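Accompanying notes for the structure given below.
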Amino acid sequence: AQRVTQPEKLLSVFKGAPVELKCNYSYSGSPELFWYVQYSRQRLQLLLRHISRESIKGFTADLNKGETSFHLKKPFAQEEDSAMYYCASSGSARQLTFGSGTQLTVLP
Amino acid sequence: NAGVTQTPKFQVLKTGQSMTLQCAQDMNHEYMSWYRQDPGMGLRLIHYSVGAGITDQGEVPNGYNVSRSTTEDFPLRLLSAAPSQTSVYFCASRIIGDDEQYFGPGTRLTVT
């Protein structure tokens, strides 16, 4: 079975500091990995997916198959980045499995 | 497009009551699903459907029923509400073959 682990429930950084949200997955095949974000009182929305290799809102994530990780990074955090972030993977059954989420707070 | 819509936004039930959470999408997506969101547990899949007339169980299906009579609608029924079903429920849809899911705004359910 797929498993997605986000070890940090809460993460606080100061504005302008780098931020890294950790995500590890367990899947024997070649999963697709995603980061979803939920801003306060808004619905979940896709932030980025590894196959597109895009940078969205300054965030990037690199798939490391050796470490089975898909950490989300941003070099300079902004206050508007404060939100709940979910890592998710999609395996052979194309079902999304979500991690438990990391609440990011960017302090002024 | 309205995207994925859910009603109601909030609901309070007494233990043992039944109700239906409504979900609709206007994007002609074949795949629809229901998740529950609980603190520290992320989103867990309850039921899903790959098209009208086809439904299947997810990770946590007990206590919930679904049906899919049309492409647009995918209601979730709680047969006999229990306090353990207090949660935020999200409906989502996507095109089969694309893993990006589009989520509804959620329904916050409290069972007392």
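Which part of the range B:38-56 falls in the paramagnetic zone of B:N28, meaning amide N under 17 Å from the point 7 Å along Cα-to-beta-carbon?
B:51-52
Which Cα, out of A:A61, A:H71, A:S90, lies furthest along the positive dipole direction of the range A:21-105 (beta carbon charges, K/R +1, D/E -1)?
Highest projection toward the positive end goes to A:S90.
Scanning chain A for trypsin sites (Lys or Arg not before Pro) in DSSP loops with at most 15 other Cβ atoms within 10 Å, what's the longest stretch left with none? Walk me through the numbers before you get to the answer.
Working: sites that count: A:K9, A:K15, A:R41, A:R53, A:K57, A:K65, A:R94.
Longest run free of exposed loop sites: A:66-93.
Could you compute Rg(Cα) / (2.2 N^0.38 Å) for the range A:67-108, with N its residue count?
Working: Rg = 13.1 Å, N = 42, 2.2 N^0.38 = 9.1 Å.
Normalised Rg, Cα atoms only: 1.44.
Are there GluC sites (Glu not before Pro) in the range A:45-83 that DSSP marks as loop and that have at most 11 other Cβ atoms within 10 Å, and which are they? Before the final figure, lay out the partial values.
Details: sites: A:E54, A:E67, A:E79, A:E80; in loops: A:E54, A:E67.
Here the GluC sites (Glu not before Pro) that fit, given the DSSP loop and packing criteria, are A:E67.
Test of understanding: given chain B, find the longest segment containing no trypsin sites (Lys or Arg not before Pro) that are in a DSSP loop and have at most 10 other Cβ atoms within 10 Å.
Working: sites that count: B:K9, B:K14.
No qualifying site falls inside B:15-112, the longest such stretch.
Starting from the range A:1-52, pick out the chymotrypsin sites (Phe, Trp or Tyr not before Pro) whose DSSP state is loop and whose Cβ has at most 15 other Cβ atoms within 10 Å.
Answer in residue order: A:Y39.
Between B:T20 and B:M41, how high is the FRET efficiency from 1/(1 + (r/R0)^6) when r is the Cβ-Cβ distance and R₀ = 35 Å? Nearest 0.05. Write out the running numbers ahead of the final one.
Numbers: r = 24 Å, r/R0 = 0.68.
After rounding to 0.05, the efficiency reads 0.90.
Rounded, prolate or oblate for the range A:8-69? Axes are the square roots of the Cα gyration tensor eigenvalues, ordered a ≥ b ≥ c, and the cut-off for rounded is a/c under 1.5. Intermediate results must be reported in sequence, preceding the final value.
Working: a/c = 1.70, a/b = 1.46, b/c = 1.16.
Taking the square roots of the gyration eigenvalues as a ≥ b ≥ c, the range A:8-69 is prolate.
Give the separation of the Cα centroids, the range A:10-76 to the range B:17-62, in Å.
The two parts, judged by their Cα centres, are 24 Å apart.
Defining a contact as two alpha carbons under 8 Å apart and six or more residues distant in sequence, what relative contact order in percent does the range B:41-103 show? Let's see the in-between values first.
Numbers: 76 pairs, mean separation 12.9, N = 63.
Relative contact order comes out at 20 percent.
In square nanometres and to one decimal, what's the mean projected area of the convex hull around the Cα atoms of the protein assembly as shown?
On the way: hull surface 48.3 nm².
Taking a quarter of the hull surface, the average projection is 12.1 nm².
Please work out whether the range A:31-103 counts as rounded, prolate or oblate from its C-alpha gyration tensor, where a ≥ b ≥ c are the square roots of the eigenvalues and a/c under 1.5 means rounded, while otherwise a/b larger than b/c means prolate and anything else oblate?
Oblate.
Quick one: grab Rg to one decimal and Dmax as a whole number for the range B:7-55, Cα atoms only, in Å.
Both quantities, over Cα of the range B:7-55: 13.3, 36 Å.
Taking 8 Å as the Cα distance limit and 6 or more residues as the minimum spacing, I'd like the relative contact order of chain A as a percentage.
Numbers: 263 pairs, mean separation 42.3, N = 108.
Answer for chain A is 39 percent.
If you take every DSSP beta bridge whose two residues both sit in the range B:2-112, what share of them, in percent to the nearest 5, is antiparallel?
Bridges in the range B:2-112 that DSSP calls antiparallel: roughly 90 percent.
Quick one: how many lysine pairs in the protein assembly as shown have C-alpha atoms under 28 angstrom apart, if they're 8 or more apart or on different chains?
18
Read-outs: derived from the displayed coordinates by stated rules, not from any lab. Everything numeric here is computed off the predicted structure, so don't read it as measured data. Ideal geometry is used to build each Cβ from the backbone, glycine not excepted, and the neighbour counts take in all protein chains shown.
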